Each structure stands twice: as structure tokens, then as C-alpha cells.
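Structure record follows, encoded as C-alpha cells.
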Amino acid sequence: MIERNVIRIIISVITIVALSATISISSEKQYEAGFDCNKAKSKAEKTICSNSSLAALDKRLNFHYQKLFSSIPKSEVNQFKDDQRAWLKSRDATCANSKTISDCIKDAYDQRIDLFESWSLSVRTNHFKEDYILLKDPSLIPLEKIPEEPGRSRERYRLVADFNNDGIDDVALSYDTSMFGNAGGHFFLYLGKADGTYREIGAFFAHPLAINLKKTIKGEGTITTYAHSNAGSGYIVEERITSAGLFVMNRKLIQPGDAGVPEDQKLYGDLFGAAGMKAEISETKDNIVTWKPLN
């Protein structure tokens, strides 16, 4: 009789523990992401669904993905979808073994969102009024100061060239270099005028060491840039530059990595090797900006 009661007590304890675990699991907070969290399988997906900031990033990325998906040519749809699947697979594999999985996911999303946003920025035309003129070289204007480093300001990348082939040098200027990831960052293009002033006409996304400029007809130029997407692969983007703005002409996924496609490796080398543009990086002290080559 005593043994039977002991058995009943043990069964009751096991039941209570099991119910407590079930309640704990079911009560775990789940946030709304850009995908159905009820179908989350990978470690990364489950982490996203349990973190409000990551869930918000996923929704933001999904917004840009859907926006681009609806605007790209039909001939690029399958390639675009395949690249996104490859990125998701890379995200899962890379972050699953990370000691700080949340930080790993955030970094991956920040870079991917930057890439998607750059494609939207690239097609801006006539965004600025004709009277939007800078009275001096914009690359000589220092960024905000660094509070913890007296006399120092944040730094930028610069490219100086005749981008639109009109005989006058122009300036492509980035924002804070610390905001650049492996994929690159945004450069804002200022066209120079004969009187020494500059007018901003738009922006493009690029890595400072992967930009190629070709002068075509008078008043026009073409820049080709590379933006890292996944391990060993990324997008080559061609944009036409005129006084009206930047216009995306072509976008192609290539695999120039060490284990990539030989033709793509050659293309990358031809564009961004000796023929690539030479970027500079600023050095600011006491509001005086100087420039030196970026090695």
C-alpha cells in the first residue's frame, strides 16, 4: 500500500514538472517577423522570433525584398530569388555556431538591408533642385566630432574624377567609414561646375576598393561597382551618370571568390584591379580635413 502511494506521488511530481515545462515553453514571448514564426525551424529563425529587435529587422528586410522583387525585370526574378535563398542559408550556417548569435544575425541583416536600400537609392533622379549648390568642395567639410577624442572628427572615403565626362572633376563622398560593412556603403555624388561649386545628384552603393569608371559620350559616364552578398559571391552593378542623376543599367550576380567561377574571377580582376578607381580616406584634426590614399 505504501509502495503504491509512493508511485502515485512520483507520477504526480513528474506530471507537474512536465506541465510546468509546457507552460514555460508556451509562454515564451514570440514576436512577429517577416516570416511565419510558427514555422521557424533553424536556430537563427527561432532567435529572430524571440527577439523584438531582430524581428523588426526581418520585417524591414522583407519589405525591401518585396519592393525590389516587384520592380526587377522578369529575366532577373529567378536569380534574385536564388540569391536570397543562398543568403538565408549562409545566415543560418554562419550564425548557428556564433557565440553571440543575436549580434551575428544583426550584422548580417544590417549589411543585407544596406545592399537592398542602395538599389533603391541608385535610381534617384532630379532629387535635388538646381539651386542646391555647395559653395566649396564638400570633401573639405568635416563630419561631427568624436566626443571621446578631442580634436578628432569622424572620417570618410572620397573619389575624385570626372564622373559625367564634361571636363570638370566631380567628387564621390561617403559618410562615416565606421558605417561601412563587408559589402560596402553609400557614396553621394557631387558634380562639379565651372565656377567651382558642386551639386549633389544622387547616391550609389559600393566598396571603396571595388569601383570602376568609364567615360562614354560627352556629358555621360558609367560606373561599375561590386557589392558583396554571400560568401564568395556578390553583385556587379552598372550605372549611367548624367547631370540628371544615376540610372541602373545592369545588375549581375557573380562568384569571384577563391572557389568561384573562373570567368567571374577574371571579370572582377579586370574591373577592380589596375583599372579600378583609387579611393582616398580622410584624416581630420581640429576641423582641418586632409586626404591620403586608401591602401
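Each value in this text was obtained by applying a stated rule to the coordinates, not by laboratory testing. Just so it is clear, the structure is predicted and the values come from calculations on it, not from any experiment. Every residue, glycine as well, gets a Cβ built from its backbone with ideal geometry; the counts of neighbours run over all protein chains shown.
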Q | Distance between modelled label sites at Val261 and Lys59, nm, 7 Å Cα→Cβ extension | A | 3.7
Q.
Using 0.36 nm times the number of residues separating Glu149 and Asp103, minus their current alpha carbon distance, what extension gain do you get?
A. 13.9 nm
**Q.** Rough spin-label spacing in nm, given labels placed 7 Å along Cα→Cβ, for Lys136 and Asp110
**A.** 3.2
Q: Determine the shape class of segment 174-295: with a ≥ b ≥ c the square roots of the Cα gyration tensor eigenvalues, call it rounded for a/c under 1.5, and otherwise prolate if a/b is greater than b/c, oblate otherwise.
A: oblate
Q: Obtain the nm distance between the two label points defined at Phe69 and Thr197 by a simple spin-label model: each point lies 7 Å from its Cα along the Cα-to-C-beta direction.
A: 4.5
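What fraction of the Cα pairs in segment 244-295, stated in percent, has a spacing above 17 angstrom? All intermediate terms of the calculation are to be shown ahead of the outcome.
On the way: 832 of 1326 pairs.
Tail fraction, whole percent: 63.
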Q: Could you work out how far the C-alpha centroid of segment 251-295 sits from that of segment 186-243, in angstrom?
A: 12
Q. Counting other Cβ atoms within 10 Å, which trypsin sites (Lys or Arg not before Pro) in segment 208-295 have at most 15 and lie in a DSSP loop?
A. Lys218, Lys278
